[in-house]
Amino acid sequence: MSDAHFSLRPPRFCPNCGGHLTERLLETEDRPRLVCDQCQRIAYLNPRIVAGVIIERGGRLLLLRRAIEPRYGTWTFPAGYMEIDETAEEAAVREAEEEIGLKVKTGPLVGVYSRPAPESPGILVVVFQGQRPTGRVKVGHEVLEARWFSLDDIPWSELSFPTTHWALDAWLRARRDTRRRRPQRAARPRPRRRGG
């Protein structure tokens, strides 16, 4: 995937002291790193962490159309960058409320997906099942629209990112497997009548 929106220009100044950063290979590292000329700290360029939630209600899946770049106008589930002071579960819940106005509880983990740089910022996406959604759908400022899709009508060719596709595919497979594994209720034998 190639998104011109993302640029991978490395930072020029140290986030610790403001000194100039220079790319160098250090004895303690296995690849060149950005090192501050003043304080000698390494400025690591790490992936961004995204948390998301897949919400189902009544056999229908809730997706939203993005109103922001990258991938403006494409479909995804509620997801976004984690804040420094929250867990992945808290971020997923917050994103659902911000983007589509629903309160949800996080359920089981759907999966963890990664996409490395250089084509876009490296990301690590943590996706949960959304459980017990409450409220009415109300789109936030980053969303064009939100829609409940039957599972046969998921717009696969219009999904936002490879990670969106991977997570929905894993969620559907797990959903099918769970339904197949549900024990069949055996018919209860009728109690025998006494005396006759």
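The values are calculated or read from the model by the stated rules, or taken from the named source; none is laboratory data. Small disclaimer: the values here were computed from a predicted structure and weren't measured. Backbone-built Cβ (ideal geometry, glycine too); neighbour counts: all protein chains shown.
Laid out as a table, the results:
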read-out: Residue in segment 15-23 that is within 30 Å of Gly111 (Cβ to Cβ) and either at pLDDT below 95 or among the β-branched types (Val, Ile, Thr) (or both) present; value: no
read-out: Matching residues in segment 46-96 - criterion: being at pLDDT below 95 and either closer than 17 Å to His165 by Cα or surrounded by 22 or more Cβ atoms within 10 Å (Cβ to Cβ) (or both); value: Pro70, Arg71
read-out: Residues that are more than 12 Å from the chain's Cα centre (by Cα), surrounded by fewer than 17 Cβ atoms within 10 Å (Cβ to Cβ) and part of a strand (DSSP E or B), drawn from segment 108-136; value: Pro108, Gln131, Arg132, Thr134
read-out: Tally, over segment 156-168, of residues that are surrounded by 15 or more Cβ atoms within 10 Å (Cβ to Cβ), assigned to a helix (DSSP H, G or I) and out of contact with any Ser or Thr (no Cβ under 6 Å at 6 or more places or on another chain); value: 5
read-out: Single condition Arg41 does not satisfy, out of (1) in the same structural domain as Ala167 (by TED's automatic domain parsing); (2) free of Cβ contacts under 8 Å to residues at least 60 places away in the same chain; (3) surrounded by 14 or more Cβ atoms within 10 Å (Cβ to Cβ); value: (1)
read-out: Tabulated pairs, segment 107-136, first touching a residue at least 40 places away in the same chain (Cβ under 8 Å), second outside any strand (DSSP E or B) and among the charged types (D, E, K, R), C-beta under 6 angstrom, 6+ apart or interchain; value: Ser120/Asp3
